[in-house]
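The values are calculated or read from the model by the stated rules, or taken from the named source; none is laboratory data. Only a predicted model underlies this, so the values are computations on that prediction, with no experimental measurement involved. FYI the Cβ positions are ideal-geometry reconstructions off the backbone, even for glycines, and counts take in every protein chain you see.
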C-alpha cells in the first residue's frame, strides 16, 4: 500500500467490501441499537430500509433479539458457536462477535443455510423411505444411525439399536467375536422358539448384529455352536458357504428361516472415508430379497419339473420314430422316410433345448457343481473331437487338431470344458460351408492356456459378435434358420468358462471365417512338474485310480498315462465300485483313507463282487499297516508320498509280466490317433503316438514298435517317405506297417506299397484295425514276450 | 436266449423298450410297477433289469434297493432308465446298487447296444 493513501480511503475500501458481501453483517452498540447493517443483512433479516439507530427489540427478528440482549447483559455469556434462527422461509446461521478494546459492542454475521437444511431433510426423507435397511456405524462399530427399514427388519426399536455395538465381523460370519451385550438382551428380542426351529430366525440376525453370536434360549451361542446344532439343516450349508469368504464391499446373501418365516437378506458393508482419507465408520446396507429368492427358486423348480415332464412324451415320439426309420417296423417309402426324418430332427432339437434350459437354470441358480481339477487340455480336446467321429466319417469332413503335447495343466472341470468344446466345434461345423474343415488349436501364454476353434464359414458381423453370447440370441440369416439350434449354447459356454475363472470370445471377419476361443488358468505350480519316467518300454492296460483327493488322483494319472496306461479315476467308494464294474481295469490303485468310508471297506466290497474280485488292488497310503493291508487282499502297497518309479514298477508287474506289444500310430489327425489308441489300449496294446513322418521316425528311434499304423498324407514328411526310410533301415525293416488312407494310392508309389503288411481305407473301423493288428502280431508275439527284451 | 425285464409305468415307453429289444432277438419280460418288478425278477430270474425311476407306489430307486437286498435277485444287474438327467440323480441310482444309468429320451438302437454292453456281448 502506498504511503499516500489516507486512513479514510482505507476505511472506505473496507466499507465497500462489507457492503458487497453475500453474508450479512450487523453491528450493535452496548445499548442494543443498530450501528450498521450491510445490504445482505437487511435482505436476510427482512428489514425494510436502513435500520441504523433502531433498537434490536424493534427490528422484528425475535430469535435474534433474545440472543443479543443476553449477550449485552453485564455477565451475559456469548460463545463463538454458530446458532440457527428461522426468519420466514429461511434458516440462517448466525455468529456473534464481540468488539475488542473493552467496548461492549457486538457484530453478528448472518449466513443463509436454507439450501443445506433442505438438503439434509431430503436425505432424511430418502433414508426413511428406502426399503433397504441402513445402519451407520462409528469406527468403534457403534450404531449411530438406523433407518426405519433396518429397525423393521431387525425387529428393533431405535433406542435399542442406536448406541449399541454391532459386530460386523460376526454379521459377516468372519471370526465370531465375544458377545458384547448380555444374554438377557438376546432373550428379550427372541421372536422365535429356537427349540422348535433347527434353523435361523430373524431374531438371530439381530442377535448376531449385536453380539456377533447367535443365541438360543437366551444363551448366546457362538457361530460354531450354532453350526454344530444345525448340521443337518440345509440352511446351514448355504450360510456357512456364504459366510466363509467375504470382503466388505460385496453383496452376500444370508438365508435365515424360522418356523416357516423365512428371511433372505443381502448385506453390503461400505467403509466411509472422509476427505482427509480417514476411516470414519461404515454403512451396513441390508436388503430383504426373500421374495426374489423364492421366485428364483420357483422358476428353477418349474424349469426342472417341466423338463422332466417333457422328456417322457419325447421319449415315445423319438423312440418310435427311430424304430420306424431304422426299419424295425417294416419297410417305408422314401417320402415317409423324409417326413419322419424331419420329425426326428425336430424332436432331437427339442431334447437339446430341454437340456440347455436345464443347464442354464442350474448355472443361474448356482446349483452347478464344478469338479475343478488339474487337467491336460490335449486330453479334453481329444475327447471332444472324438464325439464327432461318426459325423465326420459320414460327411468326409475333418476336425484338425493342432495342440502341442507340452501344454501345462490347467484348472478345469473336464466334463464341462469338453461340453464347451463340443458346442464350439459343433457350431463351427454347422456354419462352415460343405467340406470346410475346422481347426482346434491350443497355446500356452502367460498364466493361461487358450484353446481356439476356427472355421472357414461366413463370419460374423461386429454387431452380432457383441450379442452372440447372450441367451436366445441367434444371428438372423437364412442359414441359421435352416440349421436350427437353441440359441443357448454360447451363453452356457460363457457361464461355464467364467465360472472356471477363464475368458471366452470370438474373432471374426465377415466372409473369411470365425475363431471362437476360451482361456483357462494354469493349475498351481506343484501339479505341473513332469514326473520322471524310467526309460523302459511303454506299457498297455487299464488302471483305475481311486483317491478322494483329486489332485493326487491326477498326479497318479499323469504318471501312469505317460507310461502308456489308460487311466480312469474315482473319488468315492461308490464311484470306484461302479467304475470298476464297468471298465474292468487290470489294476486298481486305492487310497485306504477315503472321505466317504474306509478304503478297507471298499476293498472288501471289491473282493465280494464277482465282477471285481479278481482285479489286483495296490494300496497307496500314508497309513502303513502291512498286515492289515494284506489281510484285506491287497496285491501290494506303496507309501505316500508316491515314488513314481516304484508305482510304475508295481503296476507294471501286476498288469502282466509279459509286456504289451507296442503299436505306433502315425496320423496328423489327432482324433484318429486318439480313437485308435483307445481301441488298442482296450485290447491290451501299448501305444506310442506321432503326428507326422519326422515324429514317427523319432518315435521308432526311441522305441522300436511291434507294429506301425501309418497315415499317408501328412505335413512335413508324408507316409511314403516314412515307409521308404523304415524299409531301408537295417533293424527296422521287419516292422509290419499298416497303411491308412482316405485317397487312392498314387501310382508312383505302388511299388512302395508292396512292402507294407496291410492297407485299410478311411473312414476307419477301429475294431477292424485292431483285429488286423492282432492278426499281424500273432506272428511276432514270441519276439515280444521274450524276457530279455522286456528287461532291456 | 437272453432275458431282459423292462419296468416302466408308461405303457408306451414300456412297449418301446420291449419292442426295440425284441426286434434284436432278446426275450423281454414286462412289469409296469416296482412291486410286480420284484415278483417277476424273483420268479423269472432275468439276465438284466431295465428299471424306470419315477413310478407310483414303489419308485425305481427303492425297487433297486430291494432287488439288491434280496439274495435271490441281488446278482441280477440293474440299469436305471429315467428322465431325470442330473448327475446327482444318477448317483442315487448307483448308490442303490444299479450298474449304470440310461437317460430318457434314448435312441432305441443305442439302448440295444448299451444293453449288449452290460451283458458283455
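Before moving on, here are some points about what is shown:
- Residues located in segment A:363-410, provided they are within 14 Å of another protein chain (Cβ to nearest Cβ), touching a residue at least 12 places away in the same chain (Cβ under 8 Å) and in a helix (DSSP H, G or I): A:363
- Boolean, residue B:92 is free of Cβ contacts under 8 Å to residues at least 60 places away in the same chain and either within 14 Å of chain A (Cβ to nearest Cβ) or closer than 24 Å to residue A:306 by Cβ (or both): yes
- None of A:332, A:342, A:324 is loosely packed, with under 13 Cβ neighbours inside 10 Å, more than 9 Å from chain B (Cβ to nearest Cβ) and free of Cβ contacts under 8 Å to residues at least 24 places away in the same chain except A:342.
- Within segment A:121-160, the residues that satisfy the criterion of being more than 23 Å from residue A:290 (Cα to Cα) and at pLDDT below 75 are A:139, A:140, A:141, A:160.
- Of the numbered criteria (1) within 13 Å of another protein chain (Cβ to nearest Cβ); (2) buried (at least 22 other Cβ atoms within 10 Å of the Cβ); (3) touching a helix residue (DSSP H, G or I) at 6+ places or on another chain (Cβ under 7 Å), the one residue B:115 fails is (1).
- Exactly one residue out of A:426, A:454 is out of contact with any strand residue (DSSP E or B) (no Cβ under 9 Å at 6 or more places or on another chain), crowded, with 18+ Cβ neighbours inside 10 Å and over 20 Å from residue A:558 (Cβ atoms), and it is A:426.
- Long-range neighbours under 6 Å by Cβ, at least six apart or interchain, first residue within 10 Å of another protein chain (Cβ to nearest Cβ) within segment B:12-24, second assigned to a helix (DSSP H, G or I) and at pLDDT 95 or above: none
- Some residue of segment A:10-19 being in the same structural domain as residue A:106 (by TED's automatic domain parsing), part of a loop (DSSP other than H, G, I, E, B) and modelled with pLDDT under 85: no
Results for (1) assigned to a helix (DSSP H, G or I); (2) in the same structural domain as residue A:268 (by TED's automatic domain parsing); (3) over 30 Å from residue A:157 (Cβ atoms); (4) touching a residue at least 24 places away in the same chain (Cβ under 8 Å), shown as yes or no for each residue.
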site	(1), (2), (3), (4)
A:94	no, no, yes, yes
A:97	no, no, yes, no
A:104	no, no, yes, yes
A:108	no, no, yes, yes
A:111	no, no, yes, yes
A:123	yes, no, no, no
A:135	no, yes, no, yes
A:139	no, yes, no, yes
A:143	no, yes, no, no
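- Members of segment A:510-552 that are at pLDDT below 80 and not in a loop (DSSP other than H, G, I, E, B): A:525, A:526, A:527, A:528, A:550, A:551, A:552
- Residue in segment A:553-587 that is farthest from residue B:99 (Cα to Cα), counting only those that are more than 11 Å from every other protein chain (Cβ to nearest Cβ) and part of a loop (DSSP other than H, G, I, E, B): A:564
- Among (1) in contact with a strand residue (DSSP E or B) (Cβ under 7 Å, 6 or more places away or on another chain); (2) at negative phi; (3) within 14 Å of chain A (Cβ to nearest Cβ) - the single one residue B:97 does not satisfy: (2)
- Only one entry in A:697, A:712, A:664, A:680 is touching a residue at least 12 places away in the same chain (Cβ under 8 Å) and surrounded by fewer than 20 Cβ atoms within 10 Å (Cβ to Cβ), namely A:697.
- Flag for residue B:57 being touching a helix residue (DSSP H, G or I) at 6+ places or on another chain (Cβ under 7 Å) and surrounded by fewer than 18 Cβ atoms within 10 Å (Cβ to Cβ): yes
- Residue tally, condition within 14 Å of chain B (Cβ to nearest Cβ) and either under 26 Å from the mean Cα position of the chain (by Cα) or modelled with pLDDT of 80 or more (or both), over segment A:293-311: 10
- Only residues that are surrounded by 15 or more Cβ atoms within 10 Å (Cβ to Cβ) and in a helix (DSSP H, G or I) were counted in segment A:726-735, giving 2.
- From the list B:46, B:56, B:77, B:105, the lone residue that is more than 14 Å from chain A (Cβ to nearest Cβ) and free of Cβ contacts under 8 Å to residues at least 60 places away in the same chain is B:46.
- Scanning segment A:312-321 for residues that are within 8 Å of chain B (Cβ to nearest Cβ) and free of Cβ contacts under 8 Å to residues at least 24 places away in the same chain gives A:312, A:315, A:316, A:319, A:320.
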